1. Counting only the backbone N, which residues of the range 750-786 are under 14 Å from the spot 7 Å out from the Cα of Thr181 toward its beta-carbon?
2. Could you point to the residue in Val660, Met619, Phe638 farthest towards the positive end of the range 605-683's charge dipole, with +1 and -1 charges on the Cβ of Lys/Arg and Asp/Glu respectively?
3. May I have the convex hull volume per residue, in Å³, for the Cα set of the range 402-447?
4. Need one value: the accessible area of Phe327 in square angstrom, 1.4 angstrom probe, rounded to the nearest 10.
5. Would you kindly calculate the mean projected area, averaged across all directions, of the convex hull enclosing the Cα atoms of the range 577-671, in square nanometres?
6. Suppose every Lys and Arg Cβ carries +1 and every Asp and Glu Cβ carries -1, with no other charges. What dipole size does the range 76-194 come out with about its Cα centre, to the nearest 20 debye?
7. Could you calculate, for the range 174-325, the ratio of the Cα radius of gyration to the Kirkwood radius, expressed as Rg to Rh?
8. Which number do you get for Rg(Cα) / (2.2 N^0.38 Å) in the range 1-108?
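The values are calculated or read from the model by the stated rules, or taken from the named source; none is laboratory data. Being a predicted model, the structure only gives us computed values, none of them experimental. When we count neighbours, we look across all protein chains shown, and the Cβ atoms used for this are built from the backbone with ideal geometry, even at glycine. These accessible areas exclude ligands, DNA and RNA; they are computed on the full protein's heavy atoms, side chains included. Shrake-Rupley method; radii C 1.70, N 1.55, O 1.52, S 1.80 Å.
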Amino acid sequence: MATVAEDRLFGKSIKRREDPRFITGRGQYVDDVKLPGMTYAAFVRSPHPHAVIKGIDASAARQVPGVIAVYTGEDVKVGGLPCGWMLPDIKVPPRPALASGKVRYVGEPVAIVVAESVYAAKDGAEAVRVDYQPLKATVNPKSAHDKGAPKLFDDIPDNQCFYWTIGDKAATEAAFKSAATVVRQPLVNQRLIPNAMEPRACVASFSPAMGDLTLWVTSQNPHVHRLLMAAFILGIPETKMRVIAPDVGGGFGSKIFVYNEEVVACWASKTLGRPVKWTAERRESFMNDAHGRDHVTEAEMAFDRDGKITGLRVKTHAALGAYLSTFAPLIPSFLYGPLLSGVYKIPVIFCEVWGMLTTTAPVDAYRGAGRPEATYLVERLMDRAADQLGVDPTELRRRNFIPKFTDGTPYQTPVAFAYDSGDYEPALRRALQMAGYDALRKEQELGRKQGRLIGIGVTTYIEACGPAPSAVAGSLGAGAGLWESGQVRVHPTGAVSVYTGSHSHGQGHETTFAQLVADELGIPMEQIDIVHGDTAQIPFGMGTYGSRSACVGGSAIFRSLEKVKEKGRKIAAHLLEAGEQDLVFEKGAWSVKGAPGKSKAWGEVALMAYLAHNIPQGMEPGLEATSFYDPTNFTFPFGAHVAVVEIDPDTGHVKILRYVAVDDVGRVINPMIVDGMVHGGIAQGVGQALWEHGIYGEDGQLVTGSMMDYALPKADQLPMYETDRTVTPSPVNPLGVKGAGETGTIASTPTIVNAVIDALSGQGVTHLDMPLTAEKVWKAAAASRK
């Protein structure tokens, strides 16, 4: 790891400033909002995956004590929920705020009940009677394509919203024809259901006097929420809508999107003239929060006689759910196909994706969003190839690594992405050294003679963070920009308020951004306030997703810091009667070179900027700056993970003995926070590998609709992680950072699966689809013994 200068805060592990209010119960979440005249909402949801609504009888519900109103899709006249990413020839089905005429997945909202209390609202919802005519369901994205499969929309034949490709098909076909070895593997990347600690919630409050609408909502991007809701759904000026995302208890992508409930709550508040609050129950979250992953894939990798990759061919049917969520088309296309080169020099790649409608909850970004799916595919093929070629999996990876490139010249892959900087071998070397790889292989061999099933899994991965630039994204179908805003306001005392378009929901921005500012201005962190999440306070911003906060949001703040320092330098030079070029800024003060006693402190300069008694002629008073930073490219973190597992042959239980992670996320602002992100990401990735699965039965019912059935990882199932980093700064942004929020999730899933399959390799098992539950592993091991 890189060393840090004693007087620098950038690079130091400082405890998060926001944590005291969280761990003492003083955080302010949406459900904590209390307003005069508050009403409460409950939603009537479809129990069927696919059905015609023949009629809705709300008469009994309206008689329930405390019920104020009941509204159905026939009443709520607003625009449909928009899709924010278009692909060529895409078919976008209409998505109503409340189902009208037909329901298309279990849990789809059909009606809203508004009451004086939560309990009355729920009683009222139970009293609503809906007459359904059930229809057949289709839950598998590949079989949804079959002739005769139930159609969700009459004008979308075969349930196909889009067909998307990337790469050179002819060149890839030629590579496979001339290949010495071809490795083939069908893969299922199963559906996952996000489970943030705080469920989704909203409070909508319309002011009849002013015509203003305020929405408190669990959002990762409040300005995007406001834009989509005001302009496309509610049909009101943006200036008349304020969105506040206060403390938010986790998101993992699921709180990026616009959902039915907040739209209907806003409409109901305007209709009734009273605030309306809705907080999801966990069962509602399981049914209606956007799910993740759900790919069915056929993948092939071609090799020459030297074990060098010559081509990759991929066919994926991606489930989109019943409707297109806000950024659903992006995830299995431009965040998936361009990552298929991984950290390997692959001459040609061709990827085909069919975006399919299914009678299930919509699918959108979930931690990693497309990158975990791509990494899992590539890393499973690499292990299958190592087995087929009789080569150690680490040697095969080394043989195919992209050579070091750290001089600012990007590496161009055959599938659009140009990686910013990379040096992949040192990360793998360090991970193997920490794990004691050679000794582990000997231990494994000895253990097998004793009947022990020990497995070692390795993954070398790459991630794309901070999607950019906006112009390119727009040409590819984005409905929003990918820049970020940062405003630095210096007060007369020298204290600083930073207004950022990034949003913090667990990332620690109030600490890391303050470290950045304190370092640049030479003032204590206690004098710095980080403001986010309120569209009435912050400049328009794009929010937090795709591990973009430091590399894009932090860079916007840095640009503003440069501007205020430049103005401060001019004022200081004027006060010191010196040339600007003769000043040095250190430890929060400007001094004249060679005359350290002649100086002006940061606070003195700030005060003079506002007093304006003695500033350069023609200069405006005040000291603040706003920047909108639009990167020229993504950043590309990478790394190597190693896992050691042991399987109980009598039960199939997988125990993780060790987990080593060596990541390269560029320069690191706060190592402790990055470690926390990596730890949490590993846990989520391990959860997918071993336990989590959002299962819909063939009848379209959500089988895993509660914590009783959906198996999240628990602390006692995970080992103590061993982490380290290499440092390859990004040349894309002025901070040299890359992004860390999703690395653990991307790498850990294939690492664990590779380890489990390695443990079973002596039993003749070459692949199992996730999750690798004890039952599935036991059956595979038992079958090999017959």
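1. In the range 750-786, the label zone of Thr181 (backbone N under 14 Å from the point 7 Å along Cα→Cβ) covers no residue.
2. Of the candidates, Met619 comes out farthest on the positive side.
3. Values: hull volume 4.6 nm³, N = 46.
Given the Cα convex hull of the range 402-447, per-residue volume reads 100 Å³.
4. Accessible surface of Phe327 is approximately 40 Å².
5. Working: hull surface 52.5 nm².
Value for the range 577-671: 13.1 nm².
6. Working: 15 positive and 12 negative charges, 65 e Å.
So the magnitude is around 320 debye.
7. Working: Rg = 22.6 Å, Rh = 18.5 Å.
We get a ratio of 1.23 for the range 174-325.
8. Values: Rg = 24.1 Å, N = 108, 2.2 N^0.38 = 13.0 Å.
Cα Rg divided by the expected 2.2 N^0.38 Å: 1.85.
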